[in-house]
Amino acid sequence: LDDENFQFAAQAGCSDVVIHLVDYFRGSEDATDQPIGSLSGWGEAGDPEELWSFEDLRDIRERAERWNLRIAAIENFDPAHWSDVLLGGPRRDTQLEGIKTLIRRVGRAGIPCIGYNFSIAGVAGRTMGPYARGDALSVGMEGPVDTPVPRGMAWNMRLRNPPDPEPLEETTHGQLWERVEYFLRAVIPVAEEAGVVLAAHPDDPPLPSVRSTPRLVHRPDLYQKLIDLVPSPNNQLEYCLGTLGEMTEGDVYDSTRAYARQGKIAYVHCRNVSGKVPFYRETFIDEGALDIPKLLEILHEKNFGGVVIPDHSPRMACDAPWHAGMAFALGYLRASIQRIEEATQ
Ligand SMILES: [Mn+2]
């Protein structure tokens, strides 16, 4: 979140940015742009006692504004701040008070949205390989991964180092839905008051179970269940087209119509993918199975007013593999959006 990266986004034509404050690679040797990690996760979760400060949030927003960029959202809570909310553990209510404090600070700092992913195993079970065009390094899945999550891990990060060898206690889908309802009932009223939208990412990879833990949103219709659970204008979706494309059920175009029509899409993760779980590959934005311009047209037709971000991009062969991949995706998005806007003016 330095000036150089904000300047890069401004030069690529971005109006808004979605930022991450979680250090996914803490204490890890393997710091790549997309964390894969081993069976003991990505990196170490943060300090449970140290919440993001109002001053830091405000400073980040002000720095972005110097490049004419708005902060559209902060993406992801640190597992240290809500592990027992996910696991139904004894510190759940204490952690929820912390999350409420964070939401209030984010609102006061002038940031309108927090993206979250209510998941025990988190983004786990993926592999990395030369999956995209020209053997570009990208991520995918090569079969289901059922090795249980050890105790002391949540959301694919380590809460303790090393995690216990014992597996986590078993959770049912019903229990997971009770936990997300408990979470939303606690925090949505605070989010309403603070003027912050909470936006849910689907489970990536979207299988009913990963590492012997249940997944919440692994079909497009489960997004509806989530927004109906606690009805509020502040209960919305971090709408991930790539993940929806990886799902074996539903139709991504119909789903996009349905959720955009309801005004439930807070912001869009826009990437392309080929294949379905448990065998899929992330591709460049202009290859893969999804018709990205068609999806953007649907969003435009349904008067979607939020932001679209590239999510991930394969790494390109040069000195700045991540930046080049992002610039390629941003150029493609920008051209597609300009074309739609010109055609409908
Ligand atoms: Mn995503």
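Laboratory data are not the source of any read-out in this text; all were calculated from the coordinates shown. None of the values given here were measured: they were computed from a predicted structure. Backbone-built Cβ (ideal geometry, glycine too); neighbour counts: all protein chains shown.
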field: Semi-axes of the equivalent ellipsoid for the range 1-159, Cα gyration tensor, largest first, Å
entry: 27, 24, 12
- request: Any chance you could list P(r) for the chain, counting all Cα-Cα pairs in 10 angstrom bins from zero, rounded to whole %?
  value: 6, 25, 37, 27, 5, 0, 0
message: If you average the alpha carbon positions of the range 239-301 and of the range 1-73, how far apart do those two centres end up, in angstrom?
response: 24 Å
message: Let me check I've understood the local charge: for Ala260, count other residues with C-beta under 15 angstrom from its C-beta, Lys and Arg +1, Asp and Glu -1. What total comes out?
response: 0
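Determine Rg/Rh for the range 218-314; Rg is computed over alpha-carbon atoms and Rh is the Kirkwood hydrodynamic estimate from the same atoms.
Working: Rg = 12.9 Å, Rh = 13.5 Å.
That ratio equals 0.95.
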statement: Expected vector for the range 14-19, Karplus 3J(HN,Hα) from phi with 6.51, -1.76, 1.60 and θ = phi - 60°, integer Hz, x for Gly and Pro, equals 6, 9, 9, 10, 10, 10
task: Tell me which residues come under 5 Å, amide H to amide H, from Asp16 once H is placed; ignore anything under 5 positions away on its chain.
output: Arg70
- prompt: When the Karplus curve 6.51 cos²θ - 1.76 cosθ + 1.60 is applied with θ = phi - 60°, which whole-Hz ³J(HN,Hα) does each residue of the range 272-288 get, with x for Gly and Pro?
  reply: 10, 7, 10, x, 10, 4, x, 10, 8, 9, 6, 10, 5, 5, 9, 10, x
- request: Enumerate the amide H contacts of Glu142 below 5 Å, restricted to partners 5 or more residues apart or on another chain; note that Pro and chain-start residues carry no placed amide H.
  value: Thr127
task: Quick one: what are the phi-derived ³J(HN,Hα) couplings along the range 180-188, Karplus 6.51/-1.76/1.60 with θ = phi - 60°, whole Hz, x for glycine and proline?
output: 6, 5, 4, 4, 5, 4, 6, 9, 4
query: Tell me, Kirkwood radius of the range 71-183 from alpha-carbon pair distances, in Å?
result: 16.1 Å
message: Sorting check: for 178-190, 333-345, which peptide has the highest mean count of neighbouring beta carbons within 10 Å, and how do the rest follow?
response: 178-190, 333-345
- prompt: Between the range 106-139 and the range 214-234, what's the alpha-carbon centroid distance in Å?
  reply: 19 Å
message: Per 0.36 nm of contour for each residue apart, how much would the distance between Gln345 and Phe54 grow if the chain were fully extended, relative to their Cα-Cα spacing?
response: 100.7 nm
- request: Among DSSP beta bridges lying fully in the chain, give the percent that are antiparallel, nearest 5.
  value: 45 percent
